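Peer 1: One structure follows; several queries about it will come next.
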Amino acid sequence: MKISRLFVISGPSGAGKGTLVSLLRAKRPDLALSISATTRHPRSGEIDGKDYYFLTDDEFDDLIAQHGFVEWAHVHAHRYGTLQREVKRHLEGGHSLILEIDPQGAFQVKENVKDAVLIFITPPSPQILEERLRKRGTESERDIQIRLANMPGELEASKNYNVIIENDDLEKATQALLDAIASFEEKSE
Ligand code: 5GP
């Protein structure tokens with residue numbers, strides 16, 4: 001029997017998490033994706049309620065006070081959090097759910113949901129990661145520097161993940177992600 005599970009996907013900026021998750025969901029449309037809240041400003045093309053719920057600092061503070069987050073963390077000089085209402089809505093629907101969040105958030109989730117599966121997406125090398133981040137052109141130089149400085153800590157955290165997938169070839173990495181998710185959906189532990 002297939003079991004609905006919580007999958008947490010993390011990886012440094014530029015590792016290709018976003019692209020991989022889109023490709024994964026194209027093949028597994030039944031997998032739900034939780035939309036996080038953040039205090040960072042939208043990038044060009046990002047839509048409130050689709051990419052993130054973009055909140056002011058005060059709105060974020062209010063949600064913390066109301067216990068509205070499953071987890072939240074300071075990431076790259078902004079705050080990001082998984083909303084209780086998102087997780088509840090999707091899990092009640094009986095589908096496996098994906099959280100695309102950083103390692104601090106991942107470990108908070110694991111504390112509360114013991115059978116959550118932590119999947120880490122790693123780039124082939126730090127140099128490639130920097131190249132991808134610059135090519136993407138969505139961050140200022142200051143933001144790129146912050147993200148690069150945070151990379152070693154994130155890579156270190158990957159040691160405590162259930163699955164590590166190297167993203168040097170999108171097709172192979174997507175297949176590895178599909179296989180990992182399917183295999184955990186078959187297990188009860
Ligand atoms: P970005 O600004 O590039 O969209 O995301 C920056 C980082 O924040 C990524 O590592 C992403 O996984 C993480 N992130 C996104 N949403 C959440 C969340 O709800 N909680 C936590 N802890 N991290 C998040």
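Please treat every number below as a calculation from the coordinates, not as lab data. Just so it is clear, the structure is predicted and the values come from calculations on it, not from any experiment. Cβ sites come from the backbone with ideal geometry, for glycine too, and all protein chains shown count toward neighbours.
Peer 1: 222 nm [θ] for the chain, helices only, -39500 (n - 2.57) per DSSP H run of 4+, per residue, to 500?
Peer 2: About -14000 deg cm²/dmol.
Peer 1: Who wins for biggest fluctuation among 174, 56, 39 in a Gaussian network model of the chain, springs between alpha carbons below 10 Å?
Peer 2: The residue with the greatest mean-square fluctuation here is 56.
Peer 1: Ok, one more. Tell me, what is the percent relative contact order of the stretch 64-122, built from C-alpha pairs under 8 Å that lie six or more residues apart?
Peer 2: Reported as a whole number, the value is 26 percent.
Peer 1: For 8, 70, what's the fewest-to-most ordering of other Cβ within 10 Å of each Cβ?
Peer 2: Result, fewest neighbours first: 70, 8.
Peer 1: Over 24 Å between Cα atoms, which of 50/114; 17/159; 27/110; 17/172 qualify?
Peer 2: Those over the limit are 50/114; 27/110.
Peer 1: Which of 93, 137, 16 ends up with the largest GNM mean-square fluctuation for the chain, with Cα atoms connected below 10 Å?
Peer 2: Greatest mean-square fluctuation among the candidates belongs to 137.
Peer 1: Let me ask something additional. Among the trypsin sites (Lys or Arg not before Pro) in the stretch 4-54, which ones are in a DSSP loop with at most 15 other Cβ atoms within 10 Å of the Cβ? Mind listing them?
Peer 2: Within the stretch 4-54, the qualifying trypsin sites (Lys or Arg not before Pro) (loop, at most 15 other Cβ atoms within 10 Å) are 43, 50.
Peer 1: Let me ask something additional. Just how far, in whole angstrom, is the stretch 100-146 from the stretch 68-88 if you go by their alpha carbon centroids?
Peer 2: Measuring centre to centre over Cα atoms gives 15 Å.
Peer 1: Let me ask something else about it. Under the rule of at least 5 residues apart or a separate chain, name every residue whose amide H is placed under 5 Å from the amide H of residue 83.
Peer 2: HN-HN under 5 Å from residue 83: 37, 70.
Peer 1: Further, regarding this structure: What residue among 153, 18, 68 shows peak mean-square fluctuation when the chain is described by a Gaussian network model with Cα springs under 10 Å?
Peer 2: Of 153, 18, 68, the most mobile in the Gaussian network model is 153.
Peer 1: Compute, for the chain, the length of the dipole vector about the Cα centre, with Cβ point charges of +1 (Lys, Arg) and -1 (Asp, Glu) only. Units Debye, rounded to 20.
Peer 2: Dipole size: approximately 380 debye.
Peer 1: Pull up the cross-link candidates among the aspartates and glutamates for residue 187, meaning alpha carbon to alpha carbon under 12 Å and not fewer than 8 places away within one chain.
Peer 2: Counting by Cα, and skipping residues close in sequence, residue 187 has these aspartates and glutamates nearby: 115.
Peer 1: With the contact rule set at Cα under 8 Å and sequence spacing of 6 or more, what percent relative contact order holds for the stretch 20-62?
Peer 2: 35 percent
Peer 1: If one computes the Cα centroid of the stretch 1-48 and of the stretch 148-189, what distance in Å separates the two points?
Peer 2: 13 Å
Peer 1: What base-10 log of the normalised intensity I(q)/I(0) is obtained for the chain from the Debye formula, alpha carbons as equal point scatterers, at q = 0.19 Å⁻¹?
Peer 2: -1.53
Peer 1: Find, among the trypsin sites (Lys or Arg not before Pro) in the stretch 83-176, those assigned to loop by DSSP (not H, G, I, E, B) with at most 13 other beta-carbon atoms within 10 angstrom.
Peer 2: Sites meeting the loop and neighbour criteria: 114.
Peer 1: Of 124, 180, 150, which is farthest along the charge dipole of the stretch 118-189 in the positive direction, counting Lys and Arg as +1 and Asp and Glu as -1 at C-beta?
Peer 2: Selected residue: 150.
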